[in-house]
1. Quick check on segment 263-299: of everything there that is β-branched (Val, Ile, Thr) and away from ligand 2 (no atom under 16 Å from the Cβ), which residue is nearest to residue 24 (Cα to Cα)?
2. Can you tell me which residue is nearest to the chain's Cα centre (by Cα) among those in segment 86-128 that are of a type in the set (Val, Ile, Thr) and closer than 17 Å to residue 288 by Cα?
3. State all residues of segment 99-126 that are in a helix (DSSP H, G or I), closer than 17 Å to residue 172 by Cα, within 16 Å of ligand 1 (Cβ to nearest atom) and of a type outside the set (Lys, Arg); if no residue qualifies, say none.
4. Any idea which residue in segment 230-288 is surrounded by the fewest Cβ atoms within 10 Å (Cβ to Cβ), counting only those that are polar (S, T, N, Q) and either in contact (Cβ under 8 Å) with a residue 40 or more places away in the chain or touching a helix residue (DSSP H, G or I) at 6+ places or on another chain (Cβ under 9 Å) (or both)?
5. Restricting attention to segment 1-58, which residues are surrounded by 14 or more Cβ atoms within 10 Å (Cβ to Cβ), touching a residue at least 60 places away in the same chain (Cβ under 8 Å) and among the hydrophobic types (A, V, I, L, M, F, W, C)?
6. Quick check on this structure: which one of 230, 236 is within 16 Å of ligand 2 (Cβ to nearest atom), touching a Cys at 6+ places or on another chain (Cβ under 9 Å) and assigned by TED's automatic domain parsing to the domain that holds residue 209?
7. Given the structure, is residue 121 within 13 Å of ligand 2 (Cβ to nearest atom) and β-branched (Val, Ile, Thr)?
8. Only one of (1) without any contact (Cβ under 8 Å) to a residue 12 or more places away in the chain; (2) within 16 Å of ligand 1 (Cβ to nearest atom) is not met by residue 141, so which one is it?
Amino acid sequence: MDLRVGVIGTGAIGEDHIRRLTHTVTGANVVALSDINVQNARRIADKYGAKFYATGEEVIAAPEVDAIVIASWDPTHAHYVLAGIKAGKFVFCEKPLATSANDCKNIVEAEIAGGKQLVQVGFMRRFDRGYRQIKAAIDSGRIGEVLMLHCMHRNRVPGPKHTTEMSIKNSVIHEIDVLRWLLGEDYKTAQVLLPKSSRLAEDGLRDPQIVLLETQSGVRIDVESFINCQYGYDVQCEVVGETGTVRLPDPANMEVRSGGAFSYEIFPDWSDRFIEAYDTEFREWVDATKRGIVAGPSAWDGYVACVTADACTEARETGAIVPIAIPRRPAFYKK
Ligand SMILES: NC(=O)C1=CN([C@@H]2O[C@H](COP(=O)(O)OP(=O)(O)OC[C@H]3O[C@@H](n4cnc5c(N)ncnc54)[C@H](O)[C@@H]3O)[C@@H](O)[C@H]2O)C=CC1
Ligand SMILES: O=C1[C@@H](O)[C@H](O)[C@@H](O)[C@H](O)[C@H]1O
């Protein structure tokens with residue numbers, strides 16, 4: 001039987017996930033949805049044959065809904081995740097799990113109190129073919145012990161109402177999660193450097209930013225976050241080991257030789273750049289949910305990412321090197 005999914009938030013990625021659950025992933029069906037933008041949500045409900053509900057809470061309570069996808073704005077996530085846990089339903093929550101570590105802690109505690117893991121966080125880079133290849137290379141020992149990582153996360157232009165804080169809590173949070181997953185260890189300290197700001201960064205936005213992380217074993221990481229780079233969506237990652245390096249491949253795209261020049265298209269945003277990762281993420285989520293388990297990034301991973309992002313925010317505000325106090329992982333969240 002198909003997994004019957006209710007979606008909260010039908011904006012850019014919410015609609016894309018509805019399309020993917022309907023047309024790309026087998027074994028699932030979007031039966032209910034809600035958004036405060038009622039007109040757009042009704043249009044999407046009609047298009048995909050789902051039932052429109054006036055509130056997210058009604059979607060969660062709907063008897064025909066087995067599992068929830070949350071794709072509303074970041075500050076709304078915690079409330080809906082907690083409601084999903086209370087209803088005993090599986091929840092896929094787009095990143096970040098919440099906008100504060102304290103809200104994440106409440107989610108983790110609620111999940112533990114309920115006695116069953118239900119929540120997966122939308123850290124889709126763990127499902128990307130290139131990052132998976134890097135992980136396999138690291139785990140095989142092919143480049144020796146990892147010493148350093150050089151990463152880049154560039155967006156062409158920021159989304160509406162993007163703030164300096166969001167560059168880390170909404171954007172670099174992807175690196176915070178995926179690098180921790182690649183290395184299999186948590187972070188120890190954070191520092192944020194603020195280079196000269198782009199003149200195209202409006203409303204006082206500090207952009208670019210450089211996030212420096214140190215892991216518990218001493219691996220050093222630099223992440224350039226540049227939200228206003230203008231030329232395209234560009235994610236890079238190079239891992240330097242004792243005996244070699246591995247680098248994230250760019251997605252396959254056509255090469256053009258024309259007019260005396262060689263060119264290679266760079267995607268404009270995340271939706272095309274990571275399309276295969278999102279597809280794989282949802283295939284695996286539907287499969288695991290039908291088996292009654294959480295197999296992807298957990299609420300614990302969302303919590304640790306948020307603790308780290310909060311430390312980065314403090315580091316940016318104070319200019320200090322901030323220690324990152326990662327709580328001890330409960331046995332409930334097996335590694
Ligand atoms: N994994 C990834 O690579 C990506 C993740 N995201 C995450 O997905 C979420 C949505 O992002 P976008 O689609 O880009 O934003 P968006 O602004 O296009 O869509 C968000 C939608 O949520 C709705 N909404 C806001 N508050 C609501 C509430 N209380 N109840 C129901 N609906 C509500 C808005 O009306 C809007 O339609 C964000 O949390 C973002 O961080 C977004 C883009 C990529
Ligand atoms: O999650 C995402 C967006 O919300 C965020 O704003 C972008 O910076 C990220 O690259 C994208 O993957």
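The values are calculated or read from the model by the stated rules, or taken from the named source; none is laboratory data. In this text the structure is predicted, and so the values were computed from the model without any measurement. Every residue, glycine as well, gets a Cβ built from its backbone with ideal geometry; the counts of neighbours run over all protein chains shown.
1. If we take residues in segment 263-299 being β-branched (Val, Ile, Thr) and away from ligand 2 (no atom under 16 Å from the Cβ), then 286 is nearest to residue 24 (Cα to Cα).
2. Checked segment 86-128; the qualifying residue nearest to the chain's Cα centre (by Cα) is 121.
3. Listed by number, the list holds a single entry, 124.
4. 243
5. Within segment 1-58, 3, 5, 7, 8, 13, 21, 25, 28 qualify.
6. Answer to the check: 236.
7. Numbers: within 13 Å of ligand 2 (Cβ to nearest atom): yes; β-branched (Val, Ile, Thr): yes.
Criteria met by residue 121.
8. (2)
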